Structures are given as C-alpha cells and as structure tokens.
Amino acid sequence: MDVEALRAAMIEELWRLNAVRSDRVAAVFARVDRHVFAPGVPLPEVYAATTAVRTKWDERGAPISSISAPQVQAFMLEQANVAPGMRVLEIGSGGVNAAMLAELVGESGAVTTMDIDPEITDRARKLLDAAGYSRVRVECGDAERGLPEAGLFDVIIVTVGCWDIPPAWTRQLVDGGRLVVPLRMRGITRSLALERVGDHLVSRSAEVCGFVKIQGEGAHRERMLLLYGDQIALRFDDDTHPSDPLELDGVLARERVDAWSGVTVGGMESFDSLPLWLATVLPGSCLLAVDSDYQPAAAGGPVMADEGGRWFPSAYVVGDSFAYLASRRVRPGVFEMGAHAFGPHARPTAEALVEQIRFWDRHYRHGPDPVISIWPHDTADHLLREIPVPGDSATASSAVTVIDKRHTRVAISWPTATA
Ligand SMILES: C[S@@+](CC[C@H](N)C(=O)[O-])C[C@H]1O[C@@H](n2cnc3c(N)ncnc32)[C@H](O)[C@@H]1O
C-alpha cells in the first residue's frame, strides 16, 4: 500500500468533510506519520478519514482507548486554534494527536499529554520517541486534578468524553485561553471550544462527536429506566430523572401515538441543533436506547418506528408517558420530522414535542446556535439568565437552560427568537 496516496486521499476527504478548514491543520496531517502510532493496523484503516483505531477495551468489551478518527482530530485542532509558541495540554494520549500539536506549536512551544492509564502512556512515550517527538512530555495520572506543577496552558484539549469540567482545567488556562472538550449535556455530546473569561468559560463553537467516557474521579454513570426487558430503555444523564419511575411501568404495552410536524429534512442534511433545542426546552429530557438487535416482529414487542421511518434518541418523559423524535419518508430522500409516544397521555406529549420541532425550524434551524457557558457551581441564577448572545438584539438571551453538574453550572443560552 502506498502511504503517500492514502495520506493524500485522507487529507482531501478531511477538506471535503469540512473537518480540516485551514492550511496549517492540513499541513500537520501531511507531516505526521499516523501509521507509526498504530503498529500492526492495516494502512487503509489508519488513514481512513472517519475511522477511529481502538487500542484498548474494558472487561465487558467496551472501548476505553483509541486513536481518534482523523475527522475528529482535525475539527478539534481547528477548534483549538493552536499557534506557534503556545503551551498545550492534551488529556488522553494516543500519541498521534500530541505529535500534530507539537508540529503546530513548533520548537518554541511545549506540548504535554496525560493519560490515566500507564499502559497507554508507556505506549505513547515509545511511539512518540520512535516518530521523532521526544520533546512531547508524557504524564500518567487522573486529569481531574490537572497538572498543578505544570503551570498555565494556552490551550487544553480533552480527547475523552466528559460529563463535567473540573475546576483545575479552568484554573490552569490563561485568561482568554481555550479549552476544547467533548461535553455531555443531557446525554448529548458536543466538542465545545470554550474560551476562559475570568471565572467562567464561553463557547465559540460546538461540533457533533462521540468519545470513550472519562475514567477516574470524573466518571459519571447515567441512570437507566428499563421499559422492555433490557432491550428498550430511557437514559437519564443529568437532573431530569422522573421522581416516580414506576408511573411508566408497562407503558410500551399501550398503542403508539404518532404526531407529524410538516417540517422536512433532506436525507443528508444535518439537524445538529434540534436535539440540543429539545433537551433545552423539554422537561424530563432523556435518550431512548433500543438494542441494535431488537426485532419487534420476532419478539411481538412494540414497534418503535414503521417501515421507511426512523427514530432518534431524543426523548422526554411527562409523568406516565413519554415521546421521542421520529421521522417518516415523504418522498425519496426527504423525511418529515415528528414524534412517537406511548402512555396514557401520549397524544399531548407527542404534540408538545412536535410544537418544539416547528419552533426550532422557524427560529434556529439555520442558526444562530446557542452559546454554552460553564460557571462555578455557586453562581447565582440571575447571572445565568442574563447571558448576552452574540448577534442578539436583546440584552439577554430568550431561553436559558441550566444543567447542574458536580463542579459547574452549564448554561445553554438561545438567542431571542424573532417572528
Ligand atoms: C480517545 S483516547 C485519546 C486519543 C488520543 N488523544 C489520540 O491521539 O487520538 C481517550 C483516552 O483518555 C484516557 N482517559 C480516560 N479517563 C482519563 C482521565 N481521567 N485522565 C486522563 N486520561 C483519561 C483513556 O485512558 C484513553 O486513552
């Protein structure tokens, strides 16, 4: 296999995917030999733009370490906006991303990469040396406490899925510095580029992504509400868990109710901001999880979506009923968004979801996106309600949801909707 041809094709694909957006980032993908960091892995896999190379699994077979897909590395490097001379901390070490960061900061900058797993740091050290990046510092430890002895960083780039942002990360950033972090909010993960503004962080961009979950002190377990054996469940990640889950007992035995919005999307069109909008405005917001091998016909169980239709994980619970985002094909390549619902109050629950799809379509579908800001856990409510949103004519945003985490309050602020 010709490495140069594979590399060129990968970079072309990264431009096409809008993951690479600058010549600087394209250049580091050209300079760093990815295959040196993935010994034994077939070259086409190493250089596939959208494929992560898994390197370690836990005892239940879930991946806990990987070399992230080039696509994800590319948009996170763009989000991080790294310049020559900067001091950068990478959390989660695969080797290859640290090498690209070292190229971006140049000889006058400094890169440290840390990982909780000694096997991963040993591997990263060995591979970075082999690839000629001995100047990258590799540290082993739980990133929850940061690296206090290392001083301040211009950029911290977190390459593992987080539920919260420990205070050490904000503390170790210079004012105006950037934290790029895949953050889970009501189960929805976005890679946020956050800028430090005094005691808090404000988002400059958000990208859809998926990551292995953080281990150690920052690990957070979601709560599962099983609805049909262990094949269909609702997953609650934050503070929206129903006070009386027993109310939903047997809910899937009832007939499904559908409601349609009249809002259509093309098959390839992204609607990234819709799940975030629904999670912001719908109380009891959660995710619907259905086993990939669930077969309703064979099991005689509930049909979650009809032929030609799809269901999406965005869901919400109101008392004894729940609804989730769904679509149906209206003509080739075009889908109408709507809701499926179960429960004694399925109709109003589905209608309320559909109303929010229409609202999103009218006001937010084509931007502006929400601003996400991260505040210390003791920040007063009124401060969070007055966050101005860039480009918004009003002095405060119109819809703010505050998600309380262990260390922080995450405010999702949507600009004022204009008629
Ligand atoms: C997706 S991998 C990192 C990918 C890497 N940056 C690359 O070059 O593509 C995520 C890593 O985060 C590490 N990790 C998980 N929890 C951590 C923690 N609390 N502190 C530091 N590292 C952690 C895992 O051991 C895993 O190796």
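No value in this document is a laboratory result; all are computed from the given coordinates. Predicted model, so just to flag it, every value in this text is computed and none were measured. We place every Cβ from the backbone using ideal geometry, glycine too, and count neighbours over all the protein chains shown.
What to note about this one:
- Interchain or long-range residues, amide H under 5 Å from Trp57's placed H: Ile64
- Net charge dipole size for the stretch 223-363 [Lys, Arg +1 and Asp, Glu -1 on Cβ; Debye, nearest 20]: 420 debye
- Karplus 3J(HN,Hα) series, Hz, for the stretch 74-91 with 6.51 cos²θ - 1.76 cosθ + 1.60 (x for Gly, Pro): 5, 6, 6, 5, 5, 4, 6, 6, 6, 10, x, x, 6, 9, 10, 10, 9, 9
- Which of Ala206, Gly146, Leu128, positive extreme of dipole for the stretch 3-218 (C-beta unit charges): Ala206
- Farthest toward positive dipole pole in the chain [+1 Lys/Arg, -1 Asp/Glu at C-beta], among Tyr324, Leu89, Phe342: Leu89
- Here's how it looks for Val330: its modeled amide H is under 5 Å from those of Phe335, Glu336, which are all 5 or more places away or on a different chain.
- Largest-first principal axis extents, alpha carbons of the chain, Å: 64, 52, 38
- Dividing the summed helix terms, -39500 (n - 2.57) for each DSSP H run of n ≥ 4, by the number of residues in the chain produces a 222 nm estimate of -7000 deg cm²/dmol to the nearest 500.
- Rough spin-label spacing in nm, given labels placed 7 Å along Cα→Cβ, for Val334 and Ala8: 4.1 nm
- Alpha-carbon Rg/Rh ratio, for the stretch 223-363, with Rh computed the Kirkwood way: 0.94
- As a length-normalised measure over Cα pairs under 8 Å and 6 or more apart, the relative contact order of the chain settles at 10 percent.
- Fewest-first ranking of Cys209, Cys286, using other Cβ atoms within 10 Å as the exposure measure: Cys209, Cys286
- When both the stretch 306-368 and the stretch 206-245 are represented by their alpha-carbon centers, they are found 20 Å apart.
- For the chain, the longest principal axis of the C-alpha atoms and the axis of helix 118-130 are separated by about 50°.
- Over the stretch 3-218, equivalent-ellipsoid semi-axes from the Cα gyration tensor in Å: 24, 19, 18
- In terms of other Cβ atoms within 10 Å, Tyr364, Tyr324 run from fewest to most in the order Tyr364, Tyr324.
- For the stretch 204-220, 3J(HN,Hα) per residue [Karplus equation, 6.51 cos²θ - 1.76 cosθ + 1.60, θ = phi - 60°, Hz, x = Gly/Pro]: 10, 7, 9, 10, 5, 7, x, 9, 5, 7, 5, 10, x, 4, x, 5, 9
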